[in-house]
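First comes the structure, then the notes that go with it.
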Amino acid sequence: MENLSDTMEENSSQSLDTSTESEETASFKGDNDVRDKLVRQLHKCNGNTWSEFENIGNPGFNPEFNKPQSQPSKTVLHVCQSLKNLIQRDASESFSSSILPYEPSIPSDQWLLGGQLGSRNAILVFKSSALANPTTRSNQDKPGHKLHVTYKVLQAETKLLSKLLDCHGITEVPPNSSDFNLLWTGSHPKPGTLRTLAPHQRVNHFPRSYELTRKDRLYKNIERMQHLKGLKHFDFIPQTFVMPTEFKELCSTHHRVKGPWIVKPVASSRGRGIFIVESPNQVPLEEPVVVAKYISNPLLVAGHKCDLRLYVVVTSFDPLIIYIYEEGLVRFATVKYDSSHKQLWNPCMHLCNYSINKYHSDYVKSDDPSAENVGHKWTLSALLRHLKSEGKDTTLLMSQIEDMVIKAVLSSANSIICAWKMFVPHPNNCFELYGFDILIDSNLKPWLLEVNLSPSLNCDSPLDVRLKSAMLADLLTLVGVPAVDPILRPTSTVNLTKGNLGLKMKLSNCRRVHSADGLSNVSLSKKQSSTVSTRRISSASLQPTPEESRIVKNAQAQFDRRGGFVRIFPAVDSWTRYAQYLDPVTGIPISGIVSSSYNVTNAHNFNMYLYSHLFPDMPARVNRSNEKQQARAKFSSLDRKRESSFDNNTFPPRMNGRQDRYERALSRGHKQALVLCKITKESQSIELRKKIIDMLKCGKKITQCEARKTFSQYLVCVLKKIVSAPDQDDHVEIVLKFLQKASNYLRTPYSVKAPSTKLETKDRAAIVAKQLNDFLYLYNRETDMFVDKSEKPSQIPKDLYQEFLEHARECDLEEVLIYQTTHVVPNYNASPGFQGVLKCMPNVSKQYGIKPPYKQNKLAKVKIAGSS
């Protein structure tokens, strides 16, 4: 991997002039009126009038009154020069009102936006800098602590999130509590949970988000749009088949287009259960999987295959608002790519998942948080700068990626909107953070691999900590967590009964034409009735409804606090490029399914309304087939003469300065480890072990949950041993045999795949280590389901045993496990090692909480990944 690191060495120190200019311009706080006037004037300039602004910044020029003046201030001159430089750089592009040449900056000591402490409209500000040297005093000074703001976590790994929230004075509440401001869950929230949300509460999932994140649903939704709007518009996903229903179609396609094919479980993550086959005969039919055409010409960097992990946020589905974070991760395969397909069974060559490659002995992990192009994990900006140095068109690449993200969301949005309107009582309750996995081929064409529901926030490297801490802080600020005390919230939102809630939601979804405004006098003639109806609609269009005003205000406020996020929809060219995928009346993304009742009840085109207010100078297509829609649009700001240059076929995708944000180096984020390594004294661990053994000898017991945690922690030690010494082939075989037996005792179906004997020892060790980690993931998830009842006198004190687990070494865990099994204290100098412990483990499943199911797991049979 040294060549891979050296390739970017010359680019690592590059700094983008555009980012520097943006930071300089953003630092100006005075002369706001003059600056805004300059922005408006410079944005409207073109090649013919550029000469009029050549004198900007010269003594005697006053842009406010356009007449000579004495000497302007240095700040005005600096602002003029900065704006002028930016306009000169992007003279070929038209600026939009949403993309300013500077980014909004929040003062370092400001922790609230929208109002003072106690204000109804105030929201919390989150910063990754709060993670640096937090103290109890600093946390208590935050508005979150003063207002008793709380959060709740359900079935999610949130070490980084919890640490960030704790540093902002926000405390965690039990899972059964309803007094929370933020709910972060790793699974889909239940409809009952969504229905009872108060206006100040936020949850990190929309209902039915699996329409985008389940691999089978994602492909079916995109396939439907391919049939509806043409393959060329949605040609960004490999040809995919859902097993077992489409097995015949897979076989017929394989005869025309030979493999290889990649097999993925429909609802898995972290690379679990993924393997590559050469023919359909190797595809399992007893479980739901998707089989996709393997992209055999990937982009290679120093001979290694790579893919992208991008973070996409949807803050609203109606109107649709999509943000993408300016920085992402690039993950490299550990083994160099072989295009001959002779090693299809080697996942460390063909799969770029970090959860797979991190166990390979050749995996290079950088310890420097500032090194963005070192090792097997880079930042997105580092890759873009590398490709740009090779003469690649990175602007076109990112434009295609943005287009892919928007169309993927559009293809699944219809079903999500229906569930959102049905179950969520308030428009700002939900937001969604998606993890888009994208592969780039040798032609620089991006392909969508999958979309992750809850992208991993684990921080295994300093680069992870830096990027994800900045992204997470910007995410929480973007979605706007209200600065409200959850206990003292308005009583009107608490005492809302289920009946009133259902009635309120039904009324909110009704069309306005069903109200008194839509009723006409039955004695009027048809012509008079049509005239009255048209007059009412036209007058209503002049005055925005409270809902329309809220939508525009909320979208503008989100954009002002976007931080490192880039809004890609709506953008200046959104209506021209994507109006054909929206319903002309409701503005909701079309899906080809007529079962949606919301399409009938909604009479507001919120997408068009928001676009017309964010980009008033841009024309938009208006459907004239509907009389009422025509009358409403007649009096709106959208009724303008459409220029031929904005035709859908000739209108080029415009990045509007976004490319500079994608390519600039990462400048924010926490640069230290989240948890400092604890230094455990050997004498302390020995003393704790003796206490536990003595209590076990006296008849004390450990609970089933404690036994499972002990066994799990011991397996982690075994996993580290395999990774650190991959040349020990006998250790790998012992662990593989253990997995084959222990997988039968899991409640969740788990398939063990023996690595091919053609692989090198270190490659086999990495594959087995990955499967052991998958086993630990499922085993720990089942352990969380165990609930220890009140402590009994016959049990070892919980606090003491927890302290033992925190300081226990491998030998300490081994001794406790063996004594618990045999009731004999092993000889410390002649310990059987993990081989002996693992061999006897399946035979004593009851003691260790590995209870076999009523029926043996049929999926827990050994599968050979490739020929041996």
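Note on the stretch 376-399: residues that are in contact with a strand residue (DSSP E or B) (Cβ under 8 Å, 6 or more places away or on another chain) and either open to solvent by less than 10 Å² (accessible area, probe 1.4 Å) or over 19 Å from Y325 (Cα atoms) (or both) total 8.
Selection of the stretch 429-454 for residues being assigned to a loop (DSSP other than H, G, I, E, B), open to solvent by 10 Å² or more (accessible area, probe 1.4 Å) and not basic (K, R) yields S442, N443, L444, L453, S454. Quick check on this structure: which one of S340, S316 is open to solvent by 10 Å² or more (accessible area, probe 1.4 Å), without any contact (Cβ under 8 Å) to a residue 40 or more places away in the chain and over 16 Å from G375 (Cα atoms)? None of the other options fit; the residue is S340.
The condition of being loosely packed, with under 14 Cβ neighbours inside 10 Å and modelled with pLDDT under 50 holds for only one of S525, S529, that being S525. Flag: V173 matches the condition of being β-branched (V, I, T) and either without any contact (Cβ under 8 Å) to a residue 24 or more places away in the chain or open to solvent by 70 Å² or more (accessible area, probe 1.4 Å) (or both). Checked against the criteria, K377 does not count as more than 21 Å from the chain's Cα centre (by Cα) and among the basic types (K, R). For the stretch 277-289, indicate whether the set of residues that are without any contact (Cβ under 8 Å) to a residue 12 or more places away in the chain, of a type in the set (A, V, I, L, M) and open to solvent by 30 Å² or more (accessible area, probe 1.4 Å) is non-empty. No - not one qualifying residue is present in the stretch 277-289. A search for C-beta distances below 9 Å between a residue of the stretch 147-160 that is assigned to a loop (DSSP other than H, G, I, E, B) and any residue that is of a type in the set (D, E) and surrounded by fewer than 20 Cβ atoms within 10 Å (Cβ to Cβ), counting only pairs 6+ apart in sequence or on different chains, returns L147/D485; H148/D179; H148/D485; V149/D485; Q155/D784. Considering the stretch 161-195, the residues that are part of a loop (DSSP other than H, G, I, E, B) and more than 16 Å from T150 (Cβ to Cβ) include one that is farthest from the chain's Cα centre (by Cα), namely K190. Taken across the stretch 427-447, residues that are among the β-branched types (V, I, T) and modelled with pLDDT under 95 do not occur at all.
Exactly one residue among F61, F126 is part of a loop (DSSP other than H, G, I, E, B), surrounded by 13 or more Cβ atoms within 10 Å (Cβ to Cβ), hydrophobic (A, V, I, L, M, F, W, C) and at pLDDT 55 or above, and that residue is F126.
Just to check your reading of the model, which residue among P347, P369 is closer than 28 Å to W184 by Cα, open to solvent by 10 Å² or more (accessible area, probe 1.4 Å) and out of contact with any strand residue (DSSP E or B) (no Cβ under 6 Å at 6 or more places or on another chain)? Testing whether each residue is closer than 28 Å to W184 by Cα, open to solvent by 10 Å² or more (accessible area, probe 1.4 Å) and out of contact with any strand residue (DSSP E or B) (no Cβ under 6 Å at 6 or more places or on another chain) leaves just P369. From the list R224, R217, R195, R208, the lone residue that is touching a residue at least 60 places away in the same chain (Cβ under 8 Å) and on the phi > 0 side of the Ramachandran plot is R208. Say whether the condition of being buried (at least 18 other Cβ atoms within 10 Å of the Cβ), part of a strand (DSSP E or B) and charged (D, E, K, R) is met by at least one residue in the stretch 752-762. Yes, the stretch 752-762 contains at least one residue that is buried (at least 18 other Cβ atoms within 10 Å of the Cβ), part of a strand (DSSP E or B) and charged (D, E, K, R). Summed over the stretch 321-333, the residues that are outside any strand (DSSP E or B) and open to solvent by less than 10 Å² (accessible area, probe 1.4 Å) give a count of 3.
Restricting attention to the stretch 657-673, the residues being part of a loop (DSSP other than H, G, I, E, B) and not polar (S, T, N, Q) number 9.
Of all the criteria given as (1) open to solvent by less than 40 Å² (accessible area, probe 1.4 Å); (2) closer than 17 Å to M404 by Cα, the one not satisfied by D216 is (2). Looking at (1) open to solvent by less than 30 Å² (accessible area, probe 1.4 Å); (2) touching a helix residue (DSSP H, G or I) at 6+ places or on another chain (Cβ under 7 Å), can you tell me which one R208 breaks? All conditions are met except number (1).
Among the residues of the stretch 570-626, the ones that are in a loop (DSSP other than H, G, I, E, B), among the small types (G, A, S) and at pLDDT 90 or above come to 2 in all. Considering only the stretch 183-196, state which residues are open to solvent by 10 Å² or more (accessible area, probe 1.4 Å) and either within 15 Å of A156 (Cα to Cα) or aliphatic (A, V, I, L, M) (or both). Answer for the stretch 183-196, where residues must be open to solvent by 10 Å² or more (accessible area, probe 1.4 Å) and either within 15 Å of A156 (Cα to Cα) or aliphatic (A, V, I, L, M) (or both): W184, G186, S187, H188, P189.
Candidates L472, L467: the one that is over 14 Å from V313 (Cβ atoms), among the hydrophobic types (A, V, I, L, M, F, W, C) and under 17 Å from the mean Cα position of the chain (by Cα) is L467. Scanning the stretch 105-114 for residues that are open to solvent by 30 Å² or more (accessible area, probe 1.4 Å) and not β-branched (V, I, T) turns up S105, P107, S108, D109, Q110, W111, L113, G114.
May I ask you to verify whether I274 is aliphatic (A, V, I, L, M), touching an Asp or Glu at 6+ places or on another chain (Cβ under 7 Å), more than 30 Å from L614 (Cβ to Cβ) and open to solvent by 10 Å² or more (accessible area, probe 1.4 Å)? No; evaluated as a whole, the condition is false for this residue.
The values are calculated or read from the model by the stated rules, or taken from the named source; none is laboratory data. These figures come from a predicted structure and were not determined experimentally. Positions of Cβ are backbone-derived with ideal geometry, glycine not excepted, and every protein chain shown enters the neighbour counts. What goes into the accessible areas is simple: the full protein's heavy atoms, side chains included, and nothing from ligands, DNA or RNA. Shrake-Rupley method; radii C 1.70, N 1.55, O 1.52, S 1.80 Å.
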